[in-house]
Amino acid sequence: MLRGYAAGVSFMDHQLGRVLDKLRDLKAEKSTLVVFFSDHGFAMGERGQWGKRSLFESDARVPLIIADPRAAAGHGTHCLAIAELVDVFPTLVDLAGLPTPHALVPPLSGVSQGSVVRRKAAEGARRQGELSWQGPRTE
């Protein structure tokens with residue numbers, strides 16, 4: 001079971017690489033915002049837990065990877081800011097420079113993480129090699 005799960009993760013990593021390669025081939029990587037996220041992982045026997053029935057922090061975390069071509073200095077850095085999947089849409093709207101759609105019913109409950117992306121890029125430009133930032137959830 002562990003090998004199958006690892007194979008699935010490896011397969012997804014390869015598919016993302018194919019998408020990035022195609023963007024490069026089309027010369028679109030400098031004008032394309034790339035966002036990768038998924039649901040939480042699958043407990044594989046840690047603490048006697050199997051499947052998706054745990055609320056342990058390690059089981060509740062999800063990957064959220066944002067590559068903004070205008071913030072390339074922040075690419076490859078790790079950030080410990082808290083983000084939720086409800087933050088994805090407001091973040092994309094912010095990074096795309098679009099007006100916030102206030103007329104949505106129900107209103108958006110997420111918070112843009114665009115400032116975190118821009119902050120990481122600024123820090124990366126100042127301090128090459130800095131790999132982590134610890135801070136509160138942005139608002």
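The values are calculated or read from the model by the stated rules, or taken from the named source; none is laboratory data. Bear in mind that the values here come from a model prediction, so they are computed numbers and not experimental data. Note: ideal-geometry Cβ built from the backbone for every residue, glycine included; neighbour counts use all protein chains shown. Only protein heavy atoms, including side chains, enter the accessible area calculation; ligands, DNA and RNA are left aside. Shrake-Rupley method; radii C 1.70, N 1.55, O 1.52, S 1.80 Å.
Summary table below
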read-out: Selected residue [over 14 Å from LEU95 (Cβ atoms) and small (Gly, Ala, Ser)] from ALA73, ALA67; value: ALA73
read-out: Residue that is within 21 Å of the chain's Cα centre (by Cα), part of a strand (DSSP E or B) and not acidic (Asp, Glu), where the choices are VAL9, VAL35; value: VAL35
read-out: Close pairs (6 angstrom Cβ cut-off, 6 or more residues apart or separate chains): at negative phi and not assigned by the TED database to the domain that holds ASP68 in the range 1-30, part of a loop (DSSP other than H, G, I, E, B) and among the β-branched types (Val, Ile, Thr) anywhere; value: LEU23/THR32
read-out: Options VAL111, VAL86, VAL93: the member that is part of a loop (DSSP other than H, G, I, E, B), touching a Ser or Thr at 6+ places or on another chain (Cβ under 7 Å) and not small (Gly, Ala, Ser); value: VAL111
read-out: Qualifying residues in the range 1-46 (those that are in contact with a helix residue (DSSP H, G or I) (Cβ under 9 Å, 6 or more places away or on another chain) and open to solvent by 60 Å² or more (accessible area, probe 1.4 Å)) - the one nearest to ILE65 (Cα to Cα); value: PHE37
read-out: Every residue from the range 68-81 that is surrounded by 12 or more Cβ atoms within 10 Å (Cβ to Cβ) and touching a Gly at 6+ places or on another chain (Cβ under 9 Å); value: ASP68, ALA71, ALA72, ALA73, GLY74, HIS75, THR77, CYS79, ALA81
read-out: Residue in the range 44-54 that is among the hydroxyl-bearing types (Ser, Thr, Tyr), at pLDDT below 75 and assigned to a helix (DSSP H, G or I) present; value: no
read-out: Residue check for VAL93: surrounded by 12 or more Cβ atoms within 10 Å (Cβ to Cβ), over 13 Å from the mean Cα position of the chain (by Cα) and of a type in the set (Val, Ile, Thr); value: yes
read-out: So ARG61, is it over 20 Å from THR91 (Cα atoms) and open to solvent by 60 Å² or more (accessible area, probe 1.4 Å); value: no
